[in-house]
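Q: Can you read through this structure? Questions will come right after.
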Amino acid sequence: MFKHLYFIIFCFSLCITSCKNEPKSAVKTEAVVFKKEGTLKIYKAQTDSIIGQFEIEIADSDYETETGLMYRKSMKKNRGMLFIFPNVAMHSFYMKNTEFPLDIIYIDENMRIASFQENAEPYNESGLSSQVPVKYVLELNAGLAQELLLEVKDSISFTKL
């Protein structure tokens, strides 16, 4: 009987010493900030005139392409993120942990717009396919594709800093 009593006392004391009474504190993380890594221009196919100019971040590593614009509250209108893939392939993007809507522009190896998804919904984890093989993807604030009257076959050029 004493063995059972000792066991109960041991379990009780273990429970008391392992319980924390301290309140949980918030984990502080640094805000992700824009880092200008290049400039990008969008040209109208019919006239070859510039219809948009942007400061861009470039995502060309595995980590950067997986993270993209996640965990950011917003992005200035004249900014974007250009994803550069090592090979031409079908690509699918989603909005997991992305806090603001985006236009996702899929660009082929000749730097021509191949397809685009307008107004991708924040936090939506549904895949948004390029529908055709592409080498680049440009993410801009939602509404810019419509504002620029963007069309398939319009083109881009970019310069890395």
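The values are calculated or read from the model by the stated rules, or taken from the named source; none is laboratory data. Owing to the predicted nature of the structure, the values given are computational and were not obtained by experimental measurement. Virtual Cβ from ideal backbone geometry, glycine too; neighbours counted across all protein chains shown. The protein model used for the area step is the full one, side chains on, heavy atoms only, and it has no ligands, DNA or RNA in it. Shrake-Rupley method; radii C 1.70, N 1.55, O 1.52, S 1.80 Å.
Q: Regarding region 19-41, can at least one residue be identified that is modelled with pLDDT of 95 or more, within 25 Å of PRO101 (Cβ to Cβ), polar (S, T, N, Q) and open to solvent by 40 Å² or more (accessible area, probe 1.4 Å)?
A: Yes, that holds for at least one residue.
Q: Moving on. Please pick out the residue among LEU40, LEU138 that is aliphatic (A, V, I, L, M), within 18 Å of LYS160 (Cβ to Cβ) and over 16 Å from the mean Cα position of the chain (by Cα).
A: LEU40
Q: Same structure again: Free of Cβ contacts under 8 Å to residues at least 12 places away in the same chain and either open to solvent by 20 Å² or more (accessible area, probe 1.4 Å) or farther than 20 Å from GLU57 by Cβ (or both): is that true of GLU121 in this structure?
A: Values: free of Cβ contacts under 8 Å to residues at least 12 places away in the same chain: no; either open to solvent by 20 Å² or more (accessible area, probe 1.4 Å) or farther than 20 Å from GLU57 by Cβ (or both): yes.
It is false that GLU121 is free of Cβ contacts under 8 Å to residues at least 12 places away in the same chain and either open to solvent by 20 Å² or more (accessible area, probe 1.4 Å) or farther than 20 Å from GLU57 by Cβ (or both).
Q: A further question follows. When you go through (1) open to solvent by 60 Å² or more (accessible area, probe 1.4 Å); (2) closer than 29 Å to ALA31 by Cα; (3) of a type in the set (D, E, K, R) one by one for GLU57, which number turns out not to apply?
A: (1)
Q: While we're here: Just need a number here: residues in region 80-113 that are under 13 Å from the mean Cα position of the chain (by Cα) and of a type outside the set (A, V, I, L, M).
A: 12
Q: May I pose another question? Within region 121-139, does at least one residue satisfy the condition of being touching a strand residue (DSSP E or B) at 6+ places or on another chain (Cβ under 7 Å), closer than 19 Å to ALA31 by Cβ and at pLDDT 95 or above?
A: yes
Q: Quick check on this structure: which one of VAL134, VAL152 is farther than 23 Å from LYS36 by Cα and open to solvent by 10 Å² or more (accessible area, probe 1.4 Å)? Full working, then the answer.
A: Numbers: VAL134 fails: open to solvent by 10 Å² or more (accessible area, probe 1.4 Å).
Step by step, each of VAL134, VAL152 is checked, and only VAL152 is farther than 23 Å from LYS36 by Cα and open to solvent by 10 Å² or more (accessible area, probe 1.4 Å).
Q: Which one of the conditions (1) open to solvent by 60 Å² or more (accessible area, probe 1.4 Å); (2) without any contact (Cβ under 8 Å) to a residue 40 or more places away in the chain; (3) touching a strand residue (DSSP E or B) at 6+ places or on another chain (Cβ under 6 Å); (4) part of a strand (DSSP E or B) does GLU109 fail to meet, given that it meets all the rest?
A: (4)
Q: Filter region 31-69 for residues that are touching a residue at least 24 places away in the same chain (Cβ under 8 Å) and of a type in the set (Lys, Arg) and give the result.
A: Within region 31-69, LYS36, LYS41, LYS44 qualify.
Q: Return the residues of region 76-103 that are surrounded by 18 or more Cβ atoms within 10 Å (Cβ to Cβ), under 18 Å from VAL132 (Cβ atoms) and among the β-branched types (Val, Ile, Thr); say none if nothing qualifies.
A: None - no residue of region 76-103 is surrounded by 18 or more Cβ atoms within 10 Å (Cβ to Cβ), under 18 Å from VAL132 (Cβ atoms) and among the β-branched types (Val, Ile, Thr), so the list stays empty.
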